[in-house]
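**Student:** Attaching a single structure in C-alpha cells format; questions to follow.
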Amino acid sequence: MSTMSNVKLTTEGAETLAAQVRDTYWQGRGFPLDPITVGRAMGIRIIDAELPDDIAGALLKKAGQDPVIMLHGDDSPNRKRFTCSHELGHYVYRLERGHFEDQTIDYVDYRNDMSSQGTDPEEISANRFAAALLMPMAKVREMAAKKAANLYGLAEYFGVSLSAMRYRLDDLTIKIK
C-alpha cells in the first residue's frame, strides 16, 4: 500500500483530478455534470441498490474485476449525484496512488453520514473531489459573481443540494446574497 494512504487530497489536488476527469469523460458538455455518465465512461458499473438507510452509496472493487458503485435507490437525484461523485473520488484518488495495481484483496467503501463529518482523510478527499467535480472552483466563482446569483439558482445550475452548494461557497469563501 502507498505511503500516502493517510494523506488527504488538498483542495488544489481535488480541483486538478476533477478537471482531468471532467475533461476526459465529460468533455465540456456543461452543467449540471452527470457523474453516472462520467463513471460509466470510466468503465465503472453504477447501479441503484437496496442499501441500509444509513448508507448512501458504496464503491466495490474486487480483485481482477471492474469497480461497481452502488447508490441508495431511495435517495433524491441530487443526493445520488453527490454520492456517485464521492465514490468516484475514492476510486480516482486510490487509482492515482496506485492502490488498485496488483490488488489481491477486495476494497469496499461506504458513504454514510459519518463521511461528511470531516475527520477521515479518505472521506475528506472524496468529498473534496466530489465538490470539485460537480462545482468546479472557477465556474462557481464565475456564476457567483453574476448580479442575480443566489444560493437556490447556483444549486439548481450545478444540480446539487442547497447544503452542498452552501458548503462549497463557504469552502471557497464566496459570499452571495
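The values are calculated or read from the model by the stated rules, or taken from the named source; none is laboratory data. No experiment lies behind these values; they were computed from the predicted model shown. Cβ atoms come from the backbone with ideal geometry, glycine included; neighbour counts cover every protein chain shown. Note: accessible area is taken over every heavy atom of the protein model, side chains too, but ligands, DNA and RNA are not part of it. Shrake-Rupley method; radii C 1.70, N 1.55, O 1.52, S 1.80 Å.
**Student:** Any idea which of ASP74, ASP66 is out of contact with any strand residue (DSSP E or B) (no Cβ under 7 Å at 6 or more places or on another chain) and not in a helix (DSSP H, G or I)?
**Tutor:** ASP74
**Student:** Which pairs turn up if I take residues in segment 51-65 that are in contact (Cβ under 8 Å) with a residue 24 or more places away in the chain and look for partners that are of a type in the set (Phe, Trp, Tyr) and in a strand (DSSP E or B) with beta carbon separation below 6 Å, at least 6 apart in sequence or on another chain?
**Tutor:** Filtered contacts from segment 51-65: ILE55/TYR110; ALA58/TYR110; LYS61/TYR107.
**Student:** Among the residues of segment 62-84, what is the count of those that are surrounded by 22 or more Cβ atoms within 10 Å (Cβ to Cβ) and among the charged types (D, E, K, R)?
**Tutor:** Of the residues in segment 62-84, 1 are surrounded by 22 or more Cβ atoms within 10 Å (Cβ to Cβ) and among the charged types (D, E, K, R).
**Student:** In this structure, is ASP109 over 22 Å from GLN20 (Cα atoms), modelled with pLDDT under 80 and open to solvent by less than 20 Å² (accessible area, probe 1.4 Å)?
**Tutor:** So ASP109 passes the test.
**Student:** Tell me which residues, restricted to segment 146-177, are outside any helix (DSSP H, G or I) and loosely packed, with under 14 Cβ neighbours inside 10 Å.
**Tutor:** LYS146, LYS147, ALA148, ASN150, THR173, LYS175, LYS177
**Student:** Return only the number of the condition from (1) at pLDDT below 65; (2) assigned to a helix (DSSP H, G or I) that ALA132 does not satisfy.
**Tutor:** It is condition (1) that ALA132 fails.
**Student:** Would you be able to tell me the number of residues in segment 154-170 that are farther than 19 Å from SER125 by Cα and touching a helix residue (DSSP H, G or I) at 6+ places or on another chain (Cβ under 8 Å)?
**Tutor:** 7
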